[in-house]
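Chemist: Once you've had a glance at the structure underneath, I'll fire off some questions.
The values are calculated or read from the model by the stated rules, or taken from the named source; none is laboratory data. Note that this is a predicted model, so its numbers are computed, not measured. In this analysis, Cβ positions are derived from the backbone assuming ideal geometry, glycine residues included, and neighbour counts consider all displayed protein chains. Each accessible area value is taken on the protein alone, full model and side chains, heavy atoms only, with ligands, DNA and RNA left out. Shrake-Rupley method; radii C 1.70, N 1.55, O 1.52, S 1.80 Å.
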Amino acid sequence: MRYSRDAGEFDRAFAFIDATFAVALTLLVTTLEVDDVPSSFTSLSALTDAVGAQFITFVIAFAVIATYWLANHRMVANFVAIDTPTIVAHLFLIAAIVLLPFTTASVGDPDVADLPLPTVLMAVSIAAVSALHTLVWVVACRGGLLDHTPTTGEWREMVINGLAPVAVFLASVPIAYLVSPVAARLSWISLLAVNPGVGALTARARRLRGER
């Protein structure tokens with residue numbers, strides 16, 4: 001089935017998708033837990049000791065979910081319609097999104113934060129979100145749902161940019177086991193350079209081919 005942008009089913013589908021992103025963001029607050037409330041609130045330093053690591057992972061997960069919601073919002077702005085395959089692809093995407101509060105909670109839990117598996121689970125979860133967001137665009141592109149037909153360069157640029165975070169997060173998996181979970185999480189900071197760097201390279205390659 002295919003629904004045009006002015007159809008009620010189009011609005012209904014993306015209202016559901018947006019609501020799921022919002023619920024996932026809201027559930028992240030459940031990852032912040034204080035075991036000993038009276039002692040934790042005696043001072044700011046005590047509170048920081050109690051929730052410091054949890055808050056850092058909360059911020060990371062919040063940033064990931066918010067970033068992909070914004071990216072999804074921008075992508076959907078170019079849709080002229082939606083079809084069943086794109087809806088199904090979105091369902092896989094939001095399944096990965098709603099798992100993030102669980103993996104975030106384990107990384108922020110001081111009892112298991114030093115184990116590699118929680119960090120690995122969070123890395124794989126975020127990699128899945130990145131991959132599935134790219135898949136949504138590819139499915140929509142192949143279904144002719146965009147307001148223009150992407151050139152080969154645009155298609156390549158979108159896919160490479162979308163999969164760059166996947167590579168970074170999956171590369172942190174062996175780091176978590178061979179070095180330390182902390183080192184693996186620190187490697188995620190490389191995205192601050194990887195994302196703009198890959199974006200600049202793919203855009204330059206497209207310009208060299210004479211594509212806009």
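Chemist: Taking the full set of protein chains and a 1.4 angstrom probe, give the accessible area of Asp18 in square angstrom, rounded to the nearest 10.
Modeler: 60 Å²
Chemist: Which one of Val88, Val173, Val139 has the biggest mean-square fluctuation once the chain is modelled by GNM with Cα springs under 10 Å?
Modeler: Among Val88, Val173, Val139, the largest GNM mean-square fluctuation belongs to Val88.
Chemist: Take the solvent-accessible surface of the protein heavy atoms, probe 1.4 Å, and return the percent of it on the chain that carbon and sulfur atoms account for. Could you put the intermediate results ahead of the total?
Modeler: Working: 7800 of 11340 Å².
Carbon plus sulfur share of accessible area: 69 percent.
Chemist: Compute the accessible area per residue over the chain, keeping the other protein chains in place, probe 1.4 Å, unit Å². Don't skip to the end; give the middle numbers.
Modeler: Values: 11340 Å² over 212 residues.
Value returned for the chain: 54 Å² of accessible area per residue.
Chemist: Build a GNM of the chain with springs between Cα atoms under 10 Å: which of Ser125, Ser187, Ser106 gets the top mean-square fluctuation?
Modeler: Its mean-square fluctuation being the largest, the pick is Ser187.
Chemist: Another question about this same structure. How big is the gap, in Å, between the Cα center of the range 140-201 and the Cα center of the range 61-95?
Modeler: For the range 140-201 versus the range 61-95, the Cα centre distance is 16 Å.
Chemist: Starting at the first residue of the range 137-142, write each ³J(HN,Hα) from the Karplus equation 6.51 cos²θ - 1.76 cosθ + 1.60 with θ = phi - 60°, in whole Hz, x for Gly and Pro.
Modeler: Result, ordered by residue: 5, 4, 4, 5, 5, 5 Hz.
Chemist: Could you tell me which residue out of Val64, Ala203, Val179 lies farthest along the dipole of the chain toward its positive end? Charges go on the beta carbon: Lys and Arg +1, Asp and Glu -1, centred on the Cα centre.
Modeler: Ala203
Chemist: At a 1.4 Å probe radius, which order do Glu9, Glu33, Glu154 fall into by accessible area, largest first?
Modeler: Numbers: Glu9 75, Glu33 115, Glu154 50 Å².
The residues order as Glu33, Glu9, Glu154, largest area first.
Chemist: Suppose every K and R has +1 on its Cβ and every D and E has -1 on its Cβ; what is the size of the dipole of the chain about the Cα centre, in Debye to the nearest 20? Could you put the intermediate results ahead of the total?
Modeler: On the way: 12 positive and 16 negative charges, 244 e Å.
Using only the charged Cβ atoms, the result is roughly 1180 debye.
Chemist: For the chain, with a Gaussian network of springs between Cα atoms less than 10 Å apart, report the residue from Asp147, Asp109, Asp83 with the top mean-square fluctuation.
Modeler: Result: Asp147 has the largest fluctuation of those listed.
Chemist: Starting from the Cα-Cα distance between Leu186 and His73, subtract it from 0.36 nm times their residue separation and give me the gain in nm to one decimal.
Modeler: Length gained, Leu186 through His73: 37.8 nm.
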